[in-house]
Amino acid sequence: MDGEFDTGTGLNAGLTNLELVADALESLSQSLKTLHPKWLYDARGSSLFEEITELEEYYLTRTETEILRRHSSDLAAHVPEGGALVELGAGASVKTRILLDACEGLAAYVPTDISARFLQETADALALDYPGLLIAPVAGDFLKPILLPDSVATLQKTLFFPGSTLGNLDPAVAKDLLKTARTLSYAGAFILGIDLLKEVETLKAAYDDTKGVTAEFISNILVRLNREAEADFDPTTLRYEVQWNETDAQIEMRLISIIAQEVSVGGHPIWFEKNEPILVSVSRKYTLDRLRELVIGAGWSIHRIFTDDAEQFAVVVLR
Ligand code: AVJ
């Protein structure tokens, strides 16, 4: 699993992550170079992302947190007693605690995350704070089949996917994920957090903070490639740039090679023209209408919508 190569811990220094090498080589060999954003989340990347969530410009986390607090009991009403709450890409599970505190008689919490190391820390902290709750972490990529532990096999599942992570996915992939979730939850609910379309200036600032944390977060993928994919990037030769793509209603995060250069990845040469970009992540912004269209296509319907007063962000209950 990817998580075994979760570094920043020094645990697997010198080990090559073959899946990362293969995926990076393929995506860097396209005429428009890309890297998959899931590789951003090694231990260092996961903690840089936690730092992003506390930035002034990054309104998403505090807005979603406020919505979850304000509507915690309405949301918890969709989480059946004796059931399991399954979170996709749990990270530090900070927001989850709001739900967990409001749920009555929940039997299990299943945090899933691509960073195994980060996940274990999260699970350990939760186990201490929620002694009556079974914490059953699953390390892995939520875009691949998720194998749930036997201990939760017979429990009614409610899915939780906060943070607008759905927005990082191509709509076709997002639709597939929603379909899989439908099967996994059976007749249960899906609680989804999604960032809403708004003024471009606010959006761009959220992904290009003045402290440069986002730039460091995105550049860290090169550091990871150097460590785990036998690459020799000089991260100082690629600068971070954020753009708004009006057509697809998405923020685009790129690393631009400021010089013409050859970089080696897994022993293979990759040529960069001067000013050639690597697209590392997109963050799509939804209107409620566009979101409805997407979820309906995957067999869900929007049962409840909760937003903040300024309608910056939405937490929806799908059934
Ligand atoms: C993972 C969806 C919460 O797109 O807003 C933040 C990732 N990347 N800044 C987002 C991210 C750069 C983030 N989410």
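If I stretch the segment between Glu199 and Ala153 completely, what's the gain in nm (0.36 nm per residue apart, minus their alpha carbon distance), one decimal? This chain segment gains 12.2 nm when fully extended.
For Gln156, the residues whose amide H sits under 5 Å from its own are Ala84, ignoring neighbours fewer than 5 places away on the same chain, with H placed 1.01 Å from N. Averaged over its residues, the chain has an accessible area of 44 Å² per residue, based on protein heavy atoms and a 1.4 Å probe. Helix 213-228 and the longest principal axis of the Cα set of the chain meet at an angle near 70°.
Rounded to the nearest whole angstrom, the semi-axes of the ellipsoid equivalent to the range 224-319, taken from the Cα gyration tensor as √(5λ), stand at 39, 16, 12, largest first. Quick check on my link table: of Lys38/Lys175; Lys33/Lys274; Lys144/Lys204; Lys144/Lys179, which ones sit more than 21 Å apart, alpha carbon to alpha carbon? Too far apart for the 21 Å limit: Lys144/Lys204.
Taking amide H atoms as placed 1.01 Å from N in the peptide plane, the amide H of Ser281 lies under 5 Å from those of Met253, each 5 or more residues away in sequence or on another chain. Rounded to the nearest 20 debye, the dipole magnitude of the chain is 780 debye, with +1 charges on Lys and Arg beta carbons, -1 on Asp and Glu beta carbons, and the Cα centre as origin.
Its DSSP H runs of at least 4 residues, each contributing -39,500 (n - 2.57), put the calculated 222 nm mean residue ellipticity of the chain at -10000 deg cm²/dmol, to the nearest 500. Proximity of backbone amide H atoms, modeled 1.01 Å from N, is registered between Val265 and Ile270 at under 5 Å, excluding neighbours fewer than 5 places apart on the same chain.
Rg/Rh, computed from the Cα trace of the chain with Rh as the Kirkwood radius, has the value 0.96. Helix 288-297 and the longest principal axis of the Cα set of the chain meet at an angle near 80°. Per-residue 3J(HN,Hα) values for the range 309-319, derived from phi via the Karplus relation 6.51 cos²θ - 1.76 cosθ + 1.60 with θ = phi - 60°, read 4, 7, 6, 7, 9, 10, 10, 10, 9, 9, 9 Hz in sequence order (x marks Gly and Pro).
Nonpolar atom fraction for the chain, defined as the carbon and sulfur part of the 1.4 Å probe accessible area, stands at 52 percent.
The values are calculated or read from the model by the stated rules, or taken from the named source; none is laboratory data. Everything numeric here is computed off the predicted structure, so don't read it as measured data. Neighbour counts are summed over all protein chains in view; Cβ atoms, including those assigned to glycine, are modelled from backbone coordinates with ideal geometry. In case anyone asks, the SASA skips ligands and DNA or RNA and just uses the protein heavy atoms, side chains included. Shrake-Rupley method; radii C 1.70, N 1.55, O 1.52, S 1.80 Å.
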